[in-house]
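Asks: The structure under discussion is supplied below as structure tokens; questions concerning it will follow.
The values are calculated or read from the model by the stated rules, or taken from the named source; none is laboratory data. What you see is a predicted model, and the numbers here were worked out from it, not measured in a lab. Here the Cβ positions follow ideal geometry from the backbone for every residue, glycine too, while neighbour counts run over all protein chains shown.
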Amino acid sequence: MQDLIDKSFQDLESSVKNAEQEKTILKEAAETIAQSLIKGGTIYICGNGGSAAEAQHFAAEFVGRFLLERPGLPAVSLSADTSKLTAIGNDYGFAEVFARQVKALGREGDVLWSLTTSGTSPNILEAIKAAREKGLKTIFMCGKPLSNPPDVDIIIHSPGTNTPRIQELHLFYGHLICELVDTILFAPTKAKS
């Protein structure tokens, strides 16, 4: 058991070290979200399984608060409403569960932030297509670089092939993005440093 614990710690440490190349793109993602919010936009977040839980988590950080006491920010997890998910899945197929919501709710200038460890989830890819058609900015968080990435504004990679480590990096990235957005919007003197 100790070997498993030691290996898991080493894997996470290695993942974080390899993810340092994403620092600039994480800043760009936070700036994109902040600019959308400044202009009255909404952040839509989606994912499947553990990524669905992270989508809900990040939406809650915006609507509630992260570290700063500040007004709630408009963010919606497209993974959270079981009535919508099951109705859309039943009537149109599971590949449409997020795209249909983007088509109904999204407006030009909003942001679609999608999370997928594989980078190939059909319902995520359909949501991205719908977002592009409606004029939303798109942030795509995935695992390793893809040979055929979707047409998005920002891709954030989590190096590696181990799903738990990818999800752990996504959680770290998401928290960092939330903190950066708070800093840009509510502590602008800190954002410059």
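Asks: Just a yes or no: is a residue in the stretch 44-61 more than 15 Å from the chain's Cα centre (by Cα) and modelled with pLDDT of 95 or more? Let's see the steps before the verdict.
Replies: Taking the stretch 44-61 as the starting set, the residues that turn out to be more than 15 Å from the chain's Cα centre (by Cα) are none.
The answer is no, given that none of the residues of the stretch 44-61 is more than 15 Å from the chain's Cα centre (by Cα) and modelled with pLDDT of 95 or more.
Asks: Sticking with this one: Could you go through the stretch 178-189 and let me know if any residue there is closer than 20 Å to residue 48 by Cβ, in contact (Cβ under 8 Å) with a residue 60 or more places away in the chain and buried (at least 17 other Cβ atoms within 10 Å of the Cβ).
Replies: Taking every residue of the stretch 178-189 in turn, none turns out to be closer than 20 Å to residue 48 by Cβ, in contact (Cβ under 8 Å) with a residue 60 or more places away in the chain and buried (at least 17 other Cβ atoms within 10 Å of the Cβ).
Asks: Sort out which residues of the stretch 142-153 are crowded, with 17+ Cβ neighbours inside 10 Å and either aromatic (Phe, Trp, Tyr) or under 21 Å from residue 53 (Cα atoms) (or both), and write them in order of number.
Replies: 142, 143
Asks: Mind checking whether some residue in the stretch 5-20 is in a loop (DSSP other than H, G, I, E, B) and either touching a Leu at 6+ places or on another chain (Cβ under 8 Å) or surrounded by fewer than 19 Cβ atoms within 10 Å (Cβ to Cβ) (or both)?
Replies: If we filter the stretch 5-20 for residues that are in a loop (DSSP other than H, G, I, E, B), which is where we start, we get none.
For the stretch 5-20, residues in a loop (DSSP other than H, G, I, E, B) and either touching a Leu at 6+ places or on another chain (Cβ under 8 Å) or surrounded by fewer than 19 Cβ atoms within 10 Å (Cβ to Cβ) (or both): absent.
Asks: Go over the candidates 156, 139 one by one and state the one that is at pLDDT 95 or above, surrounded by fewer than 23 Cβ atoms within 10 Å (Cβ to Cβ) and under 12 Å from the mean Cα position of the chain (by Cα).
Replies: 156
Asks: In the stretch 64-98, how many are among the hydrophobic types (A, V, I, L, M, F, W, C), part of a helix (DSSP H, G or I) and either surrounded by 15 or more Cβ atoms within 10 Å (Cβ to Cβ) or in contact with a Pro (Cβ under 6 Å, 6 or more places away or on another chain) (or both)?
Replies: Going through the stretch 64-98, the residues among the hydrophobic types (A, V, I, L, M, F, W, C) turn out to be 66-68, 73, 75-76, 78, 80, 85, 87-88, 94-95, 97-98.
Narrowing the set further to residues that are part of a helix (DSSP H, G or I) leaves 85, 87-88, 94-95.
Filter once more, keeping what is either surrounded by 15 or more Cβ atoms within 10 Å (Cβ to Cβ) or in contact with a Pro (Cβ under 6 Å, 6 or more places away or on another chain) (or both): 85, 88, 94-95.
Residues in the stretch 64-98 being among the hydrophobic types (A, V, I, L, M, F, W, C), part of a helix (DSSP H, G or I) and either surrounded by 15 or more Cβ atoms within 10 Å (Cβ to Cβ) or in contact with a Pro (Cβ under 6 Å, 6 or more places away or on another chain) (or both): 4 in total.
Asks: What's the number of the only condition in (1) of a type in the set (S, T, N, Q); (2) surrounded by 16 or more Cβ atoms within 10 Å (Cβ to Cβ); (3) free of Cβ contacts under 8 Å to residues at least 60 places away in the same chain; (4) more than 30 Å from residue 38 (Cβ to Cβ) that residue 117 fails to meet?
Replies: Condition (3) is where residue 117 drops out.
Asks: Quick check, is residue 61 in contact with a His (Cβ under 8 Å, 6 or more places away or on another chain) and either over 23 Å from residue 133 (Cβ atoms) or in a loop (DSSP other than H, G, I, E, B) (or both)? Walk me through how you get there before you give the answer.
Replies: Values: in contact with a His (Cβ under 8 Å, 6 or more places away or on another chain): yes; either over 23 Å from residue 133 (Cβ atoms) or in a loop (DSSP other than H, G, I, E, B) (or both): yes.
So residue 61 passes the test.
Asks: Name the residue, out of 79, 118, 83, that is among the polar types (S, T, N, Q) and touching a Cys at 6+ places or on another chain (Cβ under 6 Å). Before the answer, list the steps.
Replies: Details: 118 fails: touching a Cys at 6+ places or on another chain (Cβ under 6 Å); 83 fails: touching a Cys at 6+ places or on another chain (Cβ under 6 Å).
Just one listed residue meets the conditions, 79.
Asks: What about residue 4, is it among the aliphatic types (A, V, I, L, M), under 19 Å from the mean Cα position of the chain (by Cα) and under 23 Å from residue 158 (Cα atoms)?
Replies: On the way: among the aliphatic types (A, V, I, L, M): yes; under 19 Å from the mean Cα position of the chain (by Cα): no; under 23 Å from residue 158 (Cα atoms): yes.
In short, no.
Asks: Would you check which residues across the stretch 122-170 are farther than 21 Å from residue 35 by Cα and of a type in the set (Asp, Glu) and list them?
Replies: Matches in the stretch 122-170: 126, 168.
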